[in-house]
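What follows is a single structure, written as structure tokens, with notes after it.
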Amino acid sequence: MRTKLFLLFICLIGLIGCLPVREPVAVTRPVVVTEMPTEVSVSTAVPPTHTPPPTATQATAATAAPTNTPLPTNTPEPAWPTTPILFVRDGALQRWLPQTNEVELLVDGVNYPIYASDIVVFFRETKPQEEYALIVFHMPTRTEVELFRQPAGEIPNIRTGETRYVPPGTPITVSENGRWLAYVLQNKETETFTLSVHEIQTSTQGVALSQVIFSRELPMRFKWPYAFLTWPTANELSWMEPDGIWIAKLDEMPVTSELAILASTNMARVYPMDPAKQDQGPQWAATTYIPSRWSPDGRFLLAIERFPSEGQSHVFQIIERGSNNKFQLPDSAIGELSDRALWLDQTRVLHFRFNGLVRIWQIPLEGEFLPKLESEFEAIPGYEYLEAENLLPLPNNHLRFSDTSGRGLYDLDLATQKTLIIGDSYTDRHLWSPSGQYALWINYSNQGEAQVLLDFLNGEPPVDMTHIFGTNSCCWYWEPAGSE
């Protein structure tokens, strides 16, 4: 095993050394910083527009050999994206408008934001080191509403002895359409957990929250592995209980809920952790289905089947809600080296193995529930332990992904099964634009210095955006409404 890891290390060093390095370009544009008023300032949300995804011809053009030659001074400015990027810097939520190079300061006191449509939900510190409030913020009107307050969490530093105070670990989720807010709170006195849902109501006057439209006291501690709230569809919320995965239909009045997927009946051996009990031999325990991704129509769940024994890789299961039909993705493994899997559309699942093998499975909508292998190929032939991250499927049958081992940005044509290097990314922290035409990422030099780079994925050097975002920013989010 050590020999294999040593050879892997040597291969990676050689690979990184062979990748072309594109020096970032400093594009000087005047930066306009504006602070938005807290009163209502915008009455109409901009309707979303759609731009066709990059074609195969565009992807091929991206393979032009990068050059280290500085661009001439009369080179026209690059085709800047049109979709804004949200980010948090120095505790403030900000928005970069690429066309005008304007940075808007939207709201202060932002911690751990959750983005959904034109809604941002975050925690704000109300009493230093003591208390945080949950805030729902509406970007078009720049208005907010506070839902509740909770004590701060404490994270002790064993090495320094210092304590860091953070927002409470309350599970919170917002539907993709920004209409529903769900969370689980614990009653400290009774130690019970309650799931609650509100409707987020917006108008030209601002944002408001309805009363609780759905509430359920959970029959277990809402901790791992149960601490998952997911969205099968825009108006359906799912959560886990010991008997399986439940779904509430929030757009029905009154709201109804049902047990949609039964708990696993698969058993696995568990060896006692207590040395004094190891002579008793292994015990049997059930595996657990943990939601990973719902199909676009919410009919199927791509779940992780978690095994209770230590050191055993978990696997992917495709489960049909209602019928409880199941199909295990062959050779799937989730552990120290993990596979990735996602939905390409309502009936196709892409399984990206950590060794670079790609499989696409077709799910039947009628008849026997027996998915068929549509295609199988290597994403990058010859790679071992290709750890693909940030998979972005595109409507033109392409897949964008990054490689945290080889440090590259790639475009995979699922029809021709060809992979092209479209950019350099020497970090696992990057953000694709919704159409995959741009990538924002942080570059670290050998001296430890950092730069925030915007890559146009066209063979030209990326643009240095450090003066806009700063290396201390976080929570980047490319707004979905826009044409890029």
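The values are calculated or read from the model by the stated rules, or taken from the named source; none is laboratory data. All of these numbers come straight from a predicted model, not from anything done at the bench. Counting neighbours? That spans all protein chains shown, and the Cβs are built from the backbone with ideal geometry, glycine included. Heads up: the accessible areas ignore ligands, DNA and RNA and are worked out on the full protein's heavy atoms, side chains in. Shrake-Rupley method; radii C 1.70, N 1.55, O 1.52, S 1.80 Å.
Can you pull the accessible area of SER203 for me, 1.4 Å probe, Å² to the nearest 10?
60 Å²
Using a Cα-Cα cut-off of under 13 Å, which aspartates and glutamates could be cross-linked to LYS249, ignoring same-chain neighbours fewer than 8 residues away?
Partners found: GLU199, GLU236, GLU258.
Are there chymotrypsin sites (Phe, Trp or Tyr not before Pro) in the range 351-425 that DSSP puts in a loop and that have at most 12 other Cβ atoms within 10 Å, and which ones?
none
Could you pull the accessible area for HIS467 with a 1.4 Å probe, rounded to 10 Å²?
100 Å²
Convex hull over the alpha-carbon atoms of the range 145-226: what's its volume per residue in Å³?
153 Å³
What residues have an amide H closer than 5 Å to that of VAL197, excluding those fewer than 5 places away on the same chain, when H is modeled at 1.01 Å from N in the peptide plane?
Amide H neighbours of VAL197: ILE213, PHE214.
The range 265-408: Rg/Rh from Cα coordinates, Kirkwood Rh?
With Rh from the inverse mean 1/r over Cα pairs, Rg/Rh is 1.03.
Using amide H atoms built 1.01 Å from N in the peptide plane, name the residues 5+ places from TRP294, or on other chains, whose amide H lies under 5 Å from its own.
LEU302
Please list, short to long, the whole-number percent of alpha-carbon pairs of the range 224-326 in consecutive 5 angstrom bins beginning at zero.
2, 12, 21, 22, 15, 10, 7, 5, 3, 2, 1, 0
Say each of TRP284 and GLU449 gets a label point 7 Å from the Cα, pointing the same way as Cα to Cβ; how far apart are those two points in nm?
In this crude spin-label approximation the distance works out to 6.4 nm.
So how much accessible area does LEU301 have, in Å² to the nearest 10, using a 1.4 Å probe?
Approximately 0 Å² of LEU301 is accessible to the 1.4 Å probe.
Which three semi-axes in whole Å describe the equivalent ellipsoid of the range 333-484, each the square root of 5 times a Cα gyration tensor eigenvalue, listed largest first?
Ellipsoid semi-axes (Å, largest first): 30, 18, 14.
If you roll a 1.4 angstrom probe over the protein chains with everything in place, what fraction of the accessible area of the range 255-348 belongs to carbon and sulfur, to the nearest %?
Heavy-atom surface of the range 255-348 belonging to carbon and sulfur, 1.4 Å probe: 47 percent.
So what are the ³J(HN,Hα) numbers for the range 337-343, from phi and the Karplus equation (6.51, -1.76, 1.60; θ = phi - 60°), rounded to whole Hz, Gly and Pro as x?
10, 10, 6, 10, 8, 7, 8
List the extent of the Cα atoms of the range 95-200 along each of their three principal axes, largest first, rounded to whole Å.
48, 37, 20
Show the residues, 5+ positions off or on another chain, whose built amide H is closer than 5 Å to the amide H of GLY356.
LEU386
Suppose the Debye formula is applied to equal point scatterers at every Cα of the range 83-134; what is log10 I(q)/I(0) at q = 0.17, 0.20, 0.25, 0.27 Å⁻¹?
For the requested q values the scattering log ratios are -0.55, -0.71, -0.97, -1.07.
How large is ³J(HN,Hα), in whole Hz, for each residue of the range 116-125 in order, when computed from phi with the Karplus curve 6.51 cos²θ - 1.76 cosθ + 1.60 and θ = phi - 60°, using x for Gly and Pro?
So the J values, rounded to whole Hz, are 7, 6, 9, 10, 10, 10, 7, 9, 10, 6.
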